[in-house]
């Protein structure tokens, strides 16, 4: 995971990004675009390029972009450049990171996994569904899908596979390990798409939607996702079972392992009960929030306060949650930049321009075209966040301008911003972790990813589309 | 340091604070005060009480207060409750924490200390001045005075004392250890007062001043502090030498130790040069910032970007800098609350009320009275931040309302918010660390603290007052 530590800075790549940014900066500014909007665009592209090329770690790149925006007076510090850090959606994710820590710290995450394995795990397929259910249960309050798949699911998966004599390096990986890893990864991609709080970049979509006058609430997102999400989750373990069948198909021993592990854990501890209670509290008020008028971030802050006062988490846990602080920085800076690209008028101008080019076609053609381009360009991206930041705002603007119903455009982009992760072994946080396990060959990873990309698009746009029509979303 | 880890939550104290907050909440609201201002006052007092009583760690207490403010609809989340996190002064301090890490990581902090010891340390008094100079040099870019005194100065001090056969537990502490610890602590209090960026709570004063229409720039603060600050620094090591004379007065060996240490370190490394360059860059632009119109936070962000791009710091250092994240949270929430107590009209109303009571007296009487009450009430506080948050805004408001020149009132409170730290062994971050060394008896700590409090007040208000008059600050 930390192999880049010593070489996290690539000066040639940084200079490359800087040159492209500088060229854009000095290009003649198109009519109708304000100077500061154009300059911000140049800085934004420099920042995004640096992230995509991995010139610097994302947070460092964002600070660098921020420094340039400030030193060039493109943005002022008093009421522009730091506004992202006061954005309530960002704090929803930051606080969800702290809350998710509770699943790991209390052991509740593992207990849930062993509970499902105990009840479903007598066959390999059941074991896979057990892990899938665990991922689904944890997803609403775990915005790091890497932590979910890599921190909770993978350790259990690996010890299970090892118990069944399936290891990466001695020709036994196809016994069961390959199947479980592939399934766990593809399942995590789906659960990431299902909740605002199940993937760190989802709130970016919420923010871009808000900039287009579309309010995506926590409950609204989950409601739109529930039908296609559950269908994808239902078919993926089975499909992978058919395409990459494990050699071991019966796992009676898994039940015993799970029983033993649960016994070792003893009865549910006080802290686990509190964690369960807070989790239920969060889900209920996130779902009802829109109706009751309680902001999702308010609910999250209250939940965190309960965990801290009850001692389930301590203040040290909060201060040490590096993923949260990392997210706060890049998110705060990227959201702010995207926000001002919109406020300063660049995105509306650009959307109108592209829409004019595309003019005359029905939105029912433009809509799938935009989504497919958005989806498959993910082969070029090494992070969902980079992809969303680079393309989502513009695609949303264009789609809405050519007549796609705004809510439909926004939420589809939100779902696709996760589903595209199925494709490669580098395209989303959990991918390098699970691929790095060594259970799966690269060509198999990509092949399955491509097959499932088609399945997922069909399920989410096809069946999903009908569901959204039924819900009256468009 | 972490002895409170297991018992960081005190439910009885929390309930105590809650009851007092609730009583205030339900009191009849005085005429002229808005309901939400009064409710925020109740929540604010609850939060401050919780911090002072150590019901919960400061960050946890702040999150709890924030949750209550949100759940009671006292503040809204969209454009009130999270605005503190976008405050540029807060980010100045957060980023200074990252930059200060560079002093420790590169070894530049220790090199500076050994450099001064090599040149000044042949006598005990010179050794003390050497450590004082080190503290002063690091102060402008090290907002954690605990990190400065505890992280850089103390390890060197302790190894020096040990080398001279002075240890805490075997009757040798008066040889030299007691003297060096007392001096290092009292010096750190002075350097904390001298720069906006040398103590984490100083920017709170800047913020309160801004709420009263007074702009305290980085350069303005440093200019007002330089004369009284240098005088205090010049006399404190000597005074302590007279009051608590060390048994060892000549330390020829210190020079040799320093020489050996410097030799071990070898020539100044590339990273140290970069650190030095960034440090010089920061100081220059912080000083000239007011004139050039470059905000101090912009300068800090640019400096951080240089350290990150050059690899002096890596992104992991930033994510792991717990003190910065701790400060961001409590600072962001407390500043926001204090800000809205002002904006919602409570502070102006309260100041006018007290000023009416004090009416008729010349401000030249009210001014020292307010400052002395402010100073000596620090015996009740276990943290500068808690004290500043609880009292500074109100005292500033009252002072200005009774006619104290606003700039004078603001900056004096700023200085006193550090100087009051000299008094106790618990009143400011470095105190428990240095007192915990075991070199100093409690009664001696308090006695010296009281003596020096009088000296410092005389120097800062007397000579300082003349200097400020000369500068035209009032």
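Of the residues B:396, B:428, only one is under 23 Å from residue B:467 (Cα atoms), crowded, with 24+ Cβ neighbours inside 10 Å and touching a helix residue (DSSP H, G or I) at 6+ places or on another chain (Cβ under 6 Å); which? Checking each option against the conditions leaves just B:396.
Per-residue answers, yes or no, for (1) over 24 Å from the mean Cα position of the chain (by Cα); (2) within 13 Å of chain B (Cβ to nearest Cβ); (3) modelled with pLDDT of 95 or more; (4) part of a helix (DSSP H, G or I):
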site: A:21; (1), (2), (3), (4): yes, no, yes, yes
site: A:25; (1), (2), (3), (4): yes, no, yes, yes
site: A:31; (1), (2), (3), (4): yes, no, no, no
site: A:39; (1), (2), (3), (4): yes, no, yes, yes
site: A:65; (1), (2), (3), (4): no, yes, yes, yes
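Listed conditions (1) under 24 Å from the mean Cα position of the chain (by Cα); (2) surrounded by 23 or more Cβ atoms within 10 Å (Cβ to Cβ); (3) more than 14 Å from chain A (Cβ to nearest Cβ) are all met by residue B:99, apart from (3).
Among the criteria (1) more than 21 Å from residue A:95 (Cβ to Cβ); (2) facing another protein chain (nearest Cβ under 9 Å); (3) without any contact (Cβ under 8 Å) to a residue 60 or more places away in the chain, the one residue B:350 does not fulfil is (2). Test residue B:408 against the criterion of being closer than 21 Å to residue B:244 by Cα and either in contact with a helix residue (DSSP H, G or I) (Cβ under 6 Å, 6 or more places away or on another chain) or modelled with pLDDT of 95 or more (or both), and give yes or no. Considered against the rule, which asks whether it is closer than 21 Å to residue B:244 by Cα and either in contact with a helix residue (DSSP H, G or I) (Cβ under 6 Å, 6 or more places away or on another chain) or modelled with pLDDT of 95 or more (or both), residue B:408 comes out as no. For the condition surrounded by 24 or more Cβ atoms within 10 Å (Cβ to Cβ) and modelled with pLDDT under 95, residue B:201 qualifies.
Checked against (1) modelled with pLDDT under 95; (2) crowded, with 23+ Cβ neighbours inside 10 Å; (3) within 14 Å of another protein chain (Cβ to nearest Cβ), residue B:254 passes all but condition (3). Of all residues in the stretch B:108-123, exactly one satisfies the criterion of being out of contact with any helix residue (DSSP H, G or I) (no Cβ under 6 Å at 6 or more places or on another chain) and either within 27 Å of residue B:297 (Cα to Cα) or crowded, with 24+ Cβ neighbours inside 10 Å (or both), namely B:110. Those helices (runs of 4 or more DSSP H) of the stretch B:258-321 in which at least 1 residues are at the interface with another protein chain (Cβ under 9 Å from one of its Cβ atoms) and without any contact (Cβ under 8 Å) to a residue 40 or more places away in the chain, considering only elements entirely within it, cover B:296-309, B:315-319. Take the conditions (1) surrounded by 23 or more Cβ atoms within 10 Å (Cβ to Cβ); (2) away from chain B (no Cβ under 14 Å); residue A:227 misses just one of them, which is (1). Residues considered: B:434, B:448. Of these, the only one that is at pLDDT 95 or above and in a helix (DSSP H, G or I) is B:448. Scanning the stretch A:81-91 for residues that are more than 7 Å from every other protein chain (Cβ to nearest Cβ) and modelled with pLDDT under 95 gives A:84, A:87, A:89, A:90.
Taking the stretch A:74-88 as the range and being in a helix (DSSP H, G or I) and surrounded by fewer than 24 Cβ atoms within 10 Å (Cβ to Cβ) as the test, the residues that pass are A:83, A:86, A:88.
Going by the conditions given, is residue B:363 surrounded by fewer than 22 Cβ atoms within 10 Å (Cβ to Cβ) and in contact (Cβ under 8 Å) with a residue 60 or more places away in the chain? Taking the combined requirement at face value, the residue does not satisfy it. Taking residue B:460 as meeting all but one of (1) within 14 Å of residue B:420 (Cα to Cα); (2) surrounded by 15 or more Cβ atoms within 10 Å (Cβ to Cβ); (3) over 19 Å from the mean Cα position of the chain (by Cα), write down the number of the exception. Every listed condition holds for residue B:460 apart from (3). Restricting attention to the stretch A:45-60 and to residues that are within 21 Å of the chain's Cα centre (by Cα) and free of Cβ contacts under 8 Å to residues at least 40 places away in the same chain, the residue that is farthest from the other protein chains (Cβ to nearest Cβ) turns out to be A:49.
Within the set B:331, B:375, B:340, the sole residue that is more than 14 Å from chain A (Cβ to nearest Cβ), in contact with a helix residue (DSSP H, G or I) (Cβ under 7 Å, 6 or more places away or on another chain) and part of a helix (DSSP H, G or I) turns out to be B:375. If you scan the stretch A:329-354, which residues turn out to be crowded, with 24+ Cβ neighbours inside 10 Å, modelled with pLDDT under 90 and under 23 Å from the mean Cα position of the chain (by Cα)? If the condition is that a residue be crowded, with 24+ Cβ neighbours inside 10 Å, modelled with pLDDT under 90 and under 23 Å from the mean Cα position of the chain (by Cα), then A:331, A:338 are the ones that fit.
Scoring residue B:35 on the criteria (1) closer than 30 Å to residue B:436 by Cβ; (2) away from chain A (no Cβ under 11 Å) leaves a single failure, condition (1). For the residues B:133, B:70, B:66, the requirement of being free of Cβ contacts under 8 Å to residues at least 40 places away in the same chain, in contact with a helix residue (DSSP H, G or I) (Cβ under 9 Å, 6 or more places away or on another chain) and either farther than 30 Å from residue B:268 by Cβ or buried (at least 24 other Cβ atoms within 10 Å of the Cβ) (or both) singles out B:70. The requirement of being within 13 Å of another protein chain (Cβ to nearest Cβ) and free of Cβ contacts under 8 Å to residues at least 40 places away in the same chain is satisfied by residue B:77.
The values are calculated or read from the model by the stated rules, or taken from the named source; none is laboratory data. Predicted model, so just to flag it, every value in this text is computed and none were measured. Quick reminder, even Gly has a Cβ in these numbers, built from the backbone with ideal geometry, and neighbours come from all protein chains shown.
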